[in-house]
1. Residues of A:301-313, mean number of Cβ from any other protein chain within 10 Å of their own Cβ, rounded to a whole number?
2. What order, most packed first, do the peptides A:421-433, A:384-396 have when packing is the mean number of other Cβ atoms within 10 Å of each residue?
3. 5 Å is the cut-off here: which amide hydrogens, built 1.01 Å from N in the peptide plane, fall below it relative to residue A:255, excluding neighbours closer than 5 in sequence?
4. Considering protein heavy atoms only and a 1.4 Å probe radius, which residues within the stretch A:236-255 exhibit an accessible-area decrease of no less than 20 Å² in the full assembly relative to the chain by itself?
5. Residue by residue through the stretch B:161-176, which ³J(HN,Hα) values in whole Hz follow from phi under the Karplus form 6.51 cos²θ - 1.76 cosθ + 1.60 (θ = phi - 60°), with glycine and proline marked x?
6. Once R0 is set to 25 Å, what does the formula 1/(1 + (r/R0)^6) return for the Cβ-Cβ distance between residue B:195 and residue B:313, expressed as a FRET efficiency to the nearest 0.05?
7. Please list 3J(HN,Hα) in residue order for the stretch B:73-78, calculated via the Karplus relation 6.51 cos²θ - 1.76 cosθ + 1.60 where θ = phi - 60°; whole Hz, with x for glycine and proline.
8. Grab the DSSP H runs of chain B that are 4 residues or longer, score each as -39,500 (n - 2.57), total them, divide by all residues and round the 222 nm result to the nearest 500 deg cm²/dmol.
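The values are calculated or read from the model by the stated rules, or taken from the named source; none is laboratory data. In this text, all values refer to a predicted model and were calculated from it rather than measured experimentally. So basically every Cβ, Gly included, is an ideal-geometry build from the backbone, and we count neighbours across all protein chains shown. We work out accessible area using only protein heavy atoms, side chains counted, and drop any ligands, DNA or RNA first. Shrake-Rupley method; radii C 1.70, N 1.55, O 1.52, S 1.80 Å.
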Amino acid sequence: MKSFIKAICGFSTCLALTTLGSPTLAQKSGLSRELATRVEKINELRKIYSLNAFDVSKNISRVKVAVLDKGFAGIYPAREDKRRYLPDDAEIVTDFIEAQKKSFLDPADFHGTDMAHIVWAMAGYSEAGPKFRLYNATTPEYFRLATEDLIQWGADIVVHSQNWETYGNFNGTAFVDEAVREVTDHGIIWLNAAGNYGKHVHNGVLDLRKNQHGGHLAFFQKSNNWFLRFRNLADENDVRITLSWDSFHPGWEQKGTENDIDLLLFLGDGKGGFTEKAIHRSRLKQVIKEIDNEKETIHAYEQIHVKKLKGYENRDYLVAISCEDEATAKKLLAQKIRYRVTILSTKQPFWDDKRSKQVNTIEFLDATEGGEIQTPGDSTGLTIGDVTSQSAEGPTRDGRIKPEILMAKNNIKFSTEKGRFGTSYANAIFAGIATVLKAAEPGLKQHHLLQFAQSDLKRFWEAEGWSAITNDAPSWAESEIIKWASAWLPNRAYIRKDAHRVMNMAVIGNFFDAISENEQNNRAKQNPDKYQHYLQLLRSFEHKEVKDPDRTKTEFGIVKEGYYRDKKVLKTRSVPVTKYEWRNSGRGIVGANGTYNLLTLVPVTRYADQQYWDYEREYVRAEYGDRTVTVPGRTRTELSPKVELKYRPISLDSTEPPWVTFGGTPQDFMRITQMDLSQTVIQLLSTHNKQKRFWSTPTPSVLKEATKQ
Amino acid sequence: MRLILFAVWLLTFAANGEVAELTSVLENAEAKRHFYGISDSYLASKSLSQVRVAILARGFAGVVPKPEGETLKYLPDCVETVTEYPGQNFKELDPTDETGRRVAQIIWAMTGLHEDGPKIRLYNGCELSSTRCAYDQMLEWKPHIVVALEVFPTFGNFNDTGPLSPYVRVLANAGAIILHSAGETGGKVINKKISFKKNTEISHELKIHADDTFATITLSWNAFSPGRIFAGTDHDLDLALCSSDGKPLLDSNQKPIVSELRQVVGELNKDNEINLSMERLNANLFKGRYYVVVRNRSDHNDSLPYRLTVTSKSPPITKEDGSNVPAAEFVEASHSQEIGVPADSRFVVTVGSDHPWSAKGPTADNRKKPDLILDGANAFFSDKKAIDGPHVATAFFSSMVILFKARELDLKEELSQKSDEKNKLDAQKLKLTTSQVQQIIRACEKEPGKQPPDKKVSARWSPISDQKLIEILTSDP
């Protein structure tokens, strides 16, 4: 298995670090060097977040903060004048012996330096701490090695304000997500910036159609056209277009894929026409095993990077997805492969006199709503966004709410008079707060942070009538189900302490809109008053052994689509939970010590697919296909790719309604549907948007109380 | 010191047969032509391609050096560059400074983006020697208009004397209209006098508003001899930087930050000797107060004016009350007599803008400078970059002068083609010279006969009618 890991990530399991350059920034002389910069008005910022209320003097030196980034300019390489940005004992890890490919930090990039410095500033510029270790995370390989090291180092908090627009299926199963999961499984708080991807993403399902040249072009649902339009308003814009599709194998293993598609860029003429040939193209060959790494890749992605793209006010650029091979096209079509196109540029927004507002230099005209969280923002860490339209919105592909926390403050001004803003800076500010809270209460865990951010949401939920629900199993009247379905999504992590109940089922959004229009019409004709029986359900819960003794067992499973008799669909069963714990993936069991009534999905009517019925209570496990994978230092259970494939939506449109086959009336049944991702995203977002969760710093007593549990 | 050789590269934008793509064009050219009252008829001039324009700057990034394999086009294909002067060891153009290129783009856009003209030549004018060589070279090319951007805080007594003045004068006398930016030293200059009695020392407070401000402080005193020759001086001053408590400021190697060149007359024998009355130091400074110390190292019974100039690449700082201050600011800044060399020459038309960092006059010998303060000096490019200030003002005004020059050539041709002798005589009289440009400026003062509210401001621009222009062109210089 070690060689397997080696093959995936290209490093051996010996994780000794090289100390190229200067690993320790401490000065031997003992004289503290002067700072190169400071955060302006830091006291006001600390006051906004009530940080002065916490006594950190005792423990701040024990808090360990790891910052992963691609540039630590001013620190590595160090400044000529020897001024510093961090406490003297901060360390930097610039390279790894195990890394096959050398990847260097950008010597002019201050991003990582800013992140670490803001954390230190928020923590009060104390020379005592926190302890910093800075990691080169320029590539997924380095990222992985960094996570291994920070676990060994015993980091408390990880600050990562980068994302990749590929390397995974955006559902928390990417190999880099696994690295994050590894970190959070050790009780380490992972804070990831949501990224400034707002309105820069298109999600869809591949619909490949034959074109006149014999190849296949993807058609896009929103426009029913073969291209996605974006407008570049600035000359010499550095534009990066990334296509990623769901052919990544979940987990550590990077097996590669033969699902080979390409990315093309055309230029429209402003009159409905376009350039005859693509002006740029990315035609990597997707392969199972990479041989020629310039032309081949094991990753399901293509990327066009144009350094100085010409801007046009009235002409659109057209992004197309093509597939040359007919067999592959057929396969992809049958699998309903989901894809994501992300378009980014380096130029900052500018003031447009005509529109009298700030305008992005790139306008992605066919961007879809939400679903903008990338990798590893989709993992088990906390994803931090801000309240601007540039902040990426969730949910993840598998329906989890991200970002979990929105920061009202996302801008920083340094004493160099340089201002910076965006989700990275929101994340760094939040990391500073988390550092203070950790120093005040060393028992602080990631789930506590999430809890504090939900104070507003609690009020929302109570206003929705949830305060009336008792320990008793609810009467699953339709209205309750509707309420539950619509309320669950934004509150999936919410626990009512008094109710002692865990609801652990992914229910997607407002079901009225979730079913296609035709479907709604048909159902409405058949049973005009009762079509609200159709709930949209996705993945349910997970079951996983975790080595960490503090961790509880969590179940991992998949709800299959099909028809279910509503009265028996939701049953309760007792689940002993030894310790209050929280799975930030959103798929776990949560609860305080005691026995819980776990609501689980039990099909009572067989229909459409035999296996759903036969397994009864056990069907989830049987479908799952767990297996054990050894990774450095531990054994873990993994989701098998097979299940992931089966998890994909299955159309029920052609099947006979169960009330025809089995008798009864439509209102006796509930239909569970796995939606196309695009629909899912829209539905999730419509709920998600209404439920923004802002950070609110707890008082010391609330913090103490929360961390006691 | 005259140069014989120079290198000219014809810029081939359309390499390998690829069609070069025009990029980062001036977006507000039409609006600016309207603002300055330039009618479309000027753009249709037949003679525009005959107008030769030289631009001197410290950098033309994007054009020089031209990025390999790039097909983007900023300027017409006929643009030439003069970046090196073989036989001389010159400071190279700053590869990151695109000011010169942007100014050339403004000029091209304002004059109608014609492929065949005006003929633009870009000159390396980033320091004293290259500027002198450039002026020498221009004598051969005979540009009609020279657009000079680089203003030096030394190399002269700020009264049209010093080693650059003769070069400027010769070129102007050869018929070139030299349009010079006033420079961006507004609020960054101290003018004082120092006695050359032994151990005289004067301190000036310097306020740094932003951490990591890389500042250059130049001390220049009026000991430059007139003429091309560096006669040298025995009036020796030094420059030092002290912290707010008066202690010498140390660099990262724990050495004091000082400039202690030894001014001498005659031959230079040691590395630290110089025959220019200047000292310069660079320092990366942090928020706070410092003292710039001027020390006399000679022993004379006279006193001389000196000028301290602090410059920094850091942008101005916006204070909480909305006002702007330079990142490095002299507390006792003079706010007058800020015009540097050779913008102080009586043979150039010095153009400023109404931005606070545009240098203000008068000159050290109390002549009115800048000759023109141009309103509305802001340029927006299609790469969404916006620039403003005196360089941009100079670019806009140069465009107008270029169009006037083209009009002059058109009129000349029209009149000379007519059969009667009077017209032919009129054609010979037509000429656009520096003094006529000054006339145009006076004619275009917004409030003729009145000084603008700010007494240091010499003139503000308003549109000029065709009729008025022809009247000026046909008038006696």
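1. On the way: counts 0, 0, 0, 0, 0, 0, 2, 9, 1, 7, 5, 1, 2.
Average neighbour count from other chains, rounded to a whole number: 2.
2. Ranked by mean Cβ neighbours within 10 Å, highest first: A:421-433, A:384-396.
3. A:249
4. Checking the loss per residue gives A:236.
5. Those phi angles translate into 10, x, x, 9, 4, x, 5, 5, 4, 4, 5, 5, 5, 7, x, 6 Hz.
6. Details: r = 34 Å, r/R0 = 1.37.
For residue B:195 and residue B:313, the calculated efficiency is 0.15.
7. 10, 9, 9, x, 5, 7
8. Numbers: 9 runs with 102 residues, N = 477.
Theoretical 222 nm ellipticity from helices: -6500 deg cm²/dmol.
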